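Accompanying notes for the structure given below.
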Amino acid sequence: MHSRIIGTGHYVPSNVITNNDLAQIMPTSDEWITERTGIKERRYFTPGEDTVSSMSAKACRMALKNAGITEKDIGLIVMATITSEYYFPGSGVLLQRELGIPGIPAMDIKMQCSGFIYALSIADQFIRSGTYKNVLVVGAEIQSNAIEHSERGRNIAVIFGDGAGAVVLQATNDENHRVLSTHLHSDGTYAEELVMKHPGSVLKDRITHEMLDDGTMLPYMNGPVVFKHAVTRFAEVIDEALTANDLVSSDIDLLIPHQANLRISEFIREKFGMPESKVFNNIQKYGNTTAASIPIALSEAVQEGRLKPGDLLCLAAFGSGFTWASALIRW
Ligand code: UT7
């Protein structure tokens with residue numbers, strides 16, 4: 001038994017925030033953001049309208065429609081997010097409620113920018129074990145309300161955006177169209193290099209006035225350190241996936257890297273000697289949407305006809321934790 005992606009979908013909020021919009025409210029510029037990240041604009045959620053689960057439901061309905069099945073056919077929801085509506089419970093159960101399929105398991109995976117590939121891997125294991133036939137694998141985030149639009153927060157503020165993406169993974173016996181393998185890694189040594197510390201369970205009091213003032217309730221990133229590790233780990237984990245399947249980089253028809261920074265994608269593309277046409281990027285439009293970036297990009301790649309049956313698709317991610325992961329898929 002194997003698993004296969006039979007439908008993809010995505011949703012991004014309608015509120016477009018350009019680099020120039022950000023430059024109006026904090027010390028930055030379109031030139032700096034474009035040169036360092038490749039990002040031109042991102043989407044911010046509309047409070048009262050968009051939530052992580054409502055955006056996910058829209059992405060899931062699109063994926064289900066494209067798959068030609070309905071909510072009732074789903075046996076499991078695996079939901080990757082680090083920005084759930086509530087501290088607990090997770091967003092998976094809220095998505096389940098919104099889709100109207102009570103009773104099935106709906107789990108949250110908190111693995112930051114690698115979250116979608118972790119979720120895909122978990123879904124793949126459940127399908128290969130014969131436990132579930134159809135699984136919704138989702139990545140969704142609302143980052144824009146945990147951003148400080150100031151000099152202190154600007155390296156983070158210019159990067160992140162909101163959105164959701166989903167795939168339907170289905171059991172198959174077809175050797176020619178399936179998930180070939182997934183590869184997962186983490187190294188907690190670097191946990192504090194990209195972190196949102198509070199409200200955590202470390203302190204005597206979960207929430208204090210001090211943490212509101214000192215910024216520790218907002219994400220912190222040591223950008224250059226993350227960048228340095230990212231380029232190494234992306235390359236390693238892509239190599240690992242290729243080696244595991246007796247393939248080489250020129251066999252890849254489409255690489256969809258987690259949309260962290262266009263410079264990172266370019267670095268990886270050049271390292272593997274791939275033409276631009278084989279690497280999919282949409283960070284220019286959406287920024288970094290953490291666990292949502294790969295499924296949004298995959299859904300857009302499918303819409304644009306960038307994948308044909310039999311193509312070799314490679315997904316790769318790196319993020320906070322540090323965590324990193326890859327998947328090879330015969331489309
Ligand atoms: O998705 C999870 C994984 N995340 C990543 O992979 C992100 C990896 N890191 C990066 O993409 C880059 O480190 C950033 C884009 C975040 C930052 O770019 P950088 O080239 O590493 O800049 P830096 O942090 O070293 O800062 C360089 C300068 C500093 O000024 P000084 O000290 O040289 O005067 C910053 O204060 O740029 C300044 N700066 C900014 N200036 C204008 C930092 N952010 C901004 C900004 N606008 N938004």
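The values are calculated or read from the model by the stated rules, or taken from the named source; none is laboratory data. Since we're looking at a predicted model, the values are computed, not measured. Cβ: placed from backbone, ideal geometry, glycine included. Neighbour counts: every protein chain shown. When the accessible area is computed, the model is the full protein with side chains, heavy atoms only, and any ligands, DNA or RNA have been set aside. Shrake-Rupley method; radii C 1.70, N 1.55, O 1.52, S 1.80 Å.
Odds and ends about this structure:
- For region 135-148, the set of residues classified as outside any loop (DSSP other than H, G, I, E, B) and surrounded by 24 or more Cβ atoms within 10 Å (Cβ to Cβ) consists of V135, L136, V137, V138, G139, A140, E141, listed by residue number.
- Residue match in region 32-40 (condition: basic (K, R), at pLDDT 95 or above and part of a loop (DSSP other than H, G, I, E, B)): yes
- Filter result (more than 11 Å from the ligand (Cβ to nearest atom), open to solvent by less than 10 Å² (accessible area, probe 1.4 Å) and not hydrophobic (A, V, I, L, M, F, W, C)) within region 301-331: S326
- Listed by position, the helices (runs of 4 or more DSSP H) enclosed by region 180-272 that each have at least 1 residues that are touching a residue at least 12 places away in the same chain (Cβ under 8 Å) and in contact with a strand residue (DSSP E or B) (Cβ under 8 Å, 6 or more places away or on another chain) are 223-244, 262-271.
- Only one of the listed residues (V202, V195) is β-branched (V, I, T) and modelled with pLDDT under 95. That residue is V202.
- Residues in region 1-31 that are within 11 Å of the ligand (Cβ to nearest atom) and either assigned to a loop (DSSP other than H, G, I, E, B) or β-branched (V, I, T) (or both): M26, P27, T28, S29.
- Residue identified as modelled with pLDDT of 95 or more, within 16 Å of the ligand (Cβ to nearest atom) and either farther than 30 Å from S56 by Cα or assigned by TED's automatic domain parsing to the domain that holds A119 (or both) among G188, G161, G223: G161
- Residue in region 59-73 that is open to solvent by less than 10 Å² (accessible area, probe 1.4 Å) and over 16 Å from T8 (Cβ atoms) present: no
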